[in-house]
Amino acid sequence: MKYLDEYRDPVLARRLLAELRATATRPWAIMEVCGGQTHTLVRQGIDELLPAGIRMIHGPGCPVCVTPLATIDAAVAIAARPEVIFTSYGDMLRVPGTAGDLLGVKARGGDVRVVYTPLDAVRIAREHPDRQVVFFAVGFETTAPANAMAVLHAAATGLRNFSVLVSHVLVPPAITAILDAPDNQVQAFLAAGHVCAVMGWTEYEPIAQRYQVPIVVTGFEPLDLLEGIVMAVQQLESGRAAVENQYVRAVRREGNAEAQHAVRRVFRVGERTWRGIGPIPASGLALTPEFAAFDAEARFPATGTPAVEHPDCIAGRILRGTAIPTDCPAYGTRCTPLTPLGAPMVSTEGTCAAFHHAGRRKSTVEAR
């Protein structure tokens, strides 16, 4: 397939692995931030093909996984209201809250609908003026422009029955929080290419300089990731710490100015709580005062019991990169994609789901 098979060429993959073996002279720990990159690494077995000592640490770049438990509980409560049509991307429906998930609400008769763009939710609101339509606006910087455009469109057309439940998070503050953590082991980062396609990489440059950590903007195909790892190791071996761009076919340093303008108009930056991690300053987006009327949390104030994580779930350690799924005693037994205890086992970008779908079992991982 044009523009896909080229980045899955096994001959080129072997060449990159040979280059990596020739370059690395000592152990290095590299974090891929994005959950989509994690799935490629694990599904293709790339992390197991790397030279001894080159270790991939799987990061918190799964927006479904880091959506706060309290926000999931709010979504479940809002979706259960009889006047509400609750719309969401499909990967949010089975994320467990304190006492259930959105799929359970749908099974009990709630009007929960899967949409493919936020503008689908705007259309539903226009078609059902007698109902309140809520869109679950989840994601990193990648999805923020489309969600901003949905709010702008709703405002421009005078829709009063549309609102968004916002749980947007930002990558650079999360990287800083990881580097500031006392148990940090990360020595270089692979930055998510789709985030940088929107925002560029200027926000990463002060991080690389301050912490003396290489950051390589990387794509999502096997050869993208292998080349990104090679570039990171080359920097580490030479003592450099800069932002480099592997994903040249999609990312420019300045990013997409129009998308950034839409995001800045609709959203403001503030503290955000990350599920399993906790509050990170300036790491999330919320609606600006101009668009506060579209805030679902204000329109449907939360009530009920405080959010409580499952005591057997170690998702927080996995999202911080201090543990892997097979460290969890519930992995593959009490916690599976059909019976998840935490979000990383549900999401298509979750590390636990990546390990499980790739057939990684506790015994085989420990035997390596």
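Side notes on the structure shown:
- Here 169, 134, 186 are screened, and the one residue that is touching a helix residue (DSSP H, G or I) at 6+ places or on another chain (Cβ under 9 Å), open to solvent by less than 20 Å² (accessible area, probe 1.4 Å), β-branched (Val, Ile, Thr) and closer than 15 Å to residue 294 by Cα is 134.
- Considering (1) closer than 30 Å to residue 228 by Cβ; (2) open to solvent by less than 10 Å² (accessible area, probe 1.4 Å), the lone condition that residue 53 does not fulfil carries the number (2).
- Within the range 148-166, restricting attention to residues that are among the β-branched types (Val, Ile, Thr) and within 20 Å of the chain's Cα centre (by Cα), the residue that is surrounded by the fewest Cβ atoms within 10 Å (Cβ to Cβ) is 166.
- Residue list for the range 245-265, restricted to those being open to solvent by less than 90 Å² (accessible area, probe 1.4 Å) and under 21 Å from the mean Cα position of the chain (by Cα): 245, 246, 247, 250, 251, 255, 256, 259, 260, 262, 263
- Residue in the range 278-290 that is under 19 Å from residue 155 (Cα atoms) and loosely packed, with under 13 Cβ neighbours inside 10 Å present: yes
- Verdict on residue 60 being open to solvent by less than 50 Å² (accessible area, probe 1.4 Å), in a loop (DSSP other than H, G, I, E, B), touching a helix residue (DSSP H, G or I) at 6+ places or on another chain (Cβ under 6 Å) and not charged (D, E, K, R): no
- The residues of the range 310-345 that are open to solvent by 80 Å² or more (accessible area, probe 1.4 Å) and part of a loop (DSSP other than H, G, I, E, B), listed by number, are 311, 329, 333, 334, 338.
- Counted residues, the range 63-84 - those being closer than 28 Å to residue 189 by Cα, part of a helix (DSSP H, G or I) and touching a strand residue (DSSP E or B) at 6+ places or on another chain (Cβ under 6 Å): 2
- Matching residues, the range 94-117, being in a loop (DSSP other than H, G, I, E, B), surrounded by 19 or more Cβ atoms within 10 Å (Cβ to Cβ), modelled with pLDDT under 95 and out of contact with any Lys or Arg (no Cβ under 7 Å at 6 or more places or on another chain): 95, 96
Residue-wise test of (1) without any contact (Cβ under 8 Å) to a residue 24 or more places away in the chain; (2) assigned to a helix (DSSP H, G or I).
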| position | (1), (2) |
| --- | --- |
| 15 | yes, yes |
| 38 | no, yes |
| 41 | no, yes |
| 86 | no, no |
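- Here the range 11-39 is the region considered, the condition is being open to solvent by less than 80 Å² (accessible area, probe 1.4 Å) and out of contact with any helix residue (DSSP H, G or I) (no Cβ under 9 Å at 6 or more places or on another chain), and the residue that is modelled with the lowest pLDDT is 11.
The values are calculated or read from the model by the stated rules, or taken from the named source; none is laboratory data. Remember, it's a predicted structure, so these values are computed and weren't measured experimentally. Reconstructed Cβ throughout: ideal geometry from the backbone, glycine too, with neighbour counts over all protein chains shown. These accessible areas exclude ligands, DNA and RNA; they are computed on the full protein's heavy atoms, side chains included. Shrake-Rupley method; radii C 1.70, N 1.55, O 1.52, S 1.80 Å.
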